[in-house]
Amino acid sequence: MASSLGYVQYVASQLADAGVITYKKLFGEYGLWCGGKFFGTVEDNQFYVKMTNAGRLLLPDAEPAAPHGGEPGMYLVENLDDADFLAKLVIQTCEELPEPKAKKKAGKAKKIHGTDNGK
C-alpha cells in the first residue's frame, strides 16, 4: 500500500521544528530531507528515520527495520504525537549524517581523441 500525501504532510508538519523539511516521491513512496540532508522515509504510511547513534539512544526500544527490503538501515518511529521529541530526533540524526554531495553541473562531455603530444 502506498503512502498517502496527507499522511506525509502530517509527518512533515510534526517535524517542522527541526528545520526546513522537504519531501518528494521516491520509488513509489516518499523521502524526507531536513536542510538538504536525507534522513528518513514514509513508506506504507509509516515514518522511518535513518539509523544513527542518536536514534539508538532516543529510540532504545526500536528494532532496526528494512522498510524497502535489503539490509536494515532505518528505525520505525511509531509515536508521532510529540513534536518536540521528533524535532530533537531529526536534528540529532542529521548532525550525524554526512553533508550532501555537491551536484555536478550538467554539460557536454568532453571528447578526447588521442593525445596532445605537446602540440
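The values are calculated or read from the model by the stated rules, or taken from the named source; none is laboratory data. Just so it is clear, the model here is predicted, and its values are computed rather than measured. All Cβ positions, even for glycine, are placed from backbone atoms using ideal geometry, and neighbour counts span all protein chains on display.
Numbers below:
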quantity: Leading residue by the ranking (modelled with the lowest pLDDT) among those in region 1-32 that are closer than 17 Å to HIS68 by Cβ and part of a strand (DSSP E or B); calculated: LEU26
quantity: Condition broken by VAL11, with the remaining ones in (1) closer than 25 Å to LYS101 by Cα; (2) β-branched (Val, Ile, Thr); (3) touching a strand residue (DSSP E or B) at 6+ places or on another chain (Cβ under 7 Å) satisfied; calculated: (1)
quantity: Residue check for ILE21: more than 27 Å from ALA2 (Cβ to Cβ), crowded, with 17+ Cβ neighbours inside 10 Å, among the β-branched types (Val, Ile, Thr) and under 14 Å from the mean Cα position of the chain (by Cα); calculated: no
quantity: Flag if THR93 is on the phi < 0 side of the Ramachandran plot, touching a residue at least 24 places away in the same chain (Cβ under 8 Å) and assigned to a strand (DSSP E or B); calculated: no
quantity: Count - residues of region 33-77 that are outside any strand (DSSP E or B), touching a residue at least 24 places away in the same chain (Cβ under 8 Å) and either of a type in the set (Asp, Glu) or surrounded by fewer than 12 Cβ atoms within 10 Å (Cβ to Cβ) (or both); calculated: 3
